[in-house]
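The values are calculated or read from the model by the stated rules, or taken from the named source; none is laboratory data. Here the structure is a predicted model, which means the values were calculated and not measured. Cβ placement follows ideal geometry from the backbone for every residue including glycine, while neighbour counts extend to all protein chains displayed.
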Amino acid sequence: MRHEDFKEHEKVFEEGDFGDKFYIVLSGRVTVYKGVPTEIGTSIQRRLVDLNQGDSFGELALESNQPRLASVTATQDSILVTLSRDEYQKIISSLSQFKLQEIVSFYKNLPLFHYLS
């Protein structure tokens, strides 16, 4: 896990970039933009959402192994916590395993499923 500083108007990443990090906004604000085609064959950047302290982004590219689907720019000086692809996957895997154990435990405690014990 690392901290990365971004100045106002600095790009975090661009649509189409390879996704190798997950981000959490520690302070500041970032804005997510998506390129939208125009009738004349160009594209414009449409603002999708502003993300503030505690918000996270970047998981889609890590989970799908596809390029970034949108661009993100700091709209204030910002500090972002970043997790590498490996760190992110380890955490998600651990959470998934924990959730699975909770579900199994729940069913084992139901009278109908006591034979599983």
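For the reader, a short list of remarks on this structure follows.
- Unique residue being touching a helix residue (DSSP H, G or I) at 6+ places or on another chain (Cβ under 9 Å) and assigned to a strand (DSSP E or B) when the list is F22, F18: F22
- Per-region count, segment 36-68, residues part of a strand (DSSP E or B) and either touching a residue at least 40 places away in the same chain (Cβ under 8 Å) or within 20 Å of R2 (Cα to Cα) (or both): 3
- Of the residues making up segment 69-98, those that are aliphatic (A, V, I, L, M) and not in a helix (DSSP H, G or I) are L69, A70, V72, A74, I79, L80, V81, L83.
- Subset of segment 6-30 [surrounded by fewer than 18 Cβ atoms within 10 Å (Cβ to Cβ) and under 12 Å from T73 (Cα atoms)]: K7, E8, H9, E10, K11, E14, E15, R29
- L26 closer than 20 Å to H9 by Cβ, of a type in the set (A, V, I, L, M, F, W, C) and within 15 Å of the chain's Cα centre (by Cα): yes
- Per the listing Y88, Y107, the residue uniquely touching a Phe, Trp or Tyr at 6+ places or on another chain (Cβ under 8 Å), at negative phi and modelled with pLDDT under 85 is Y107.
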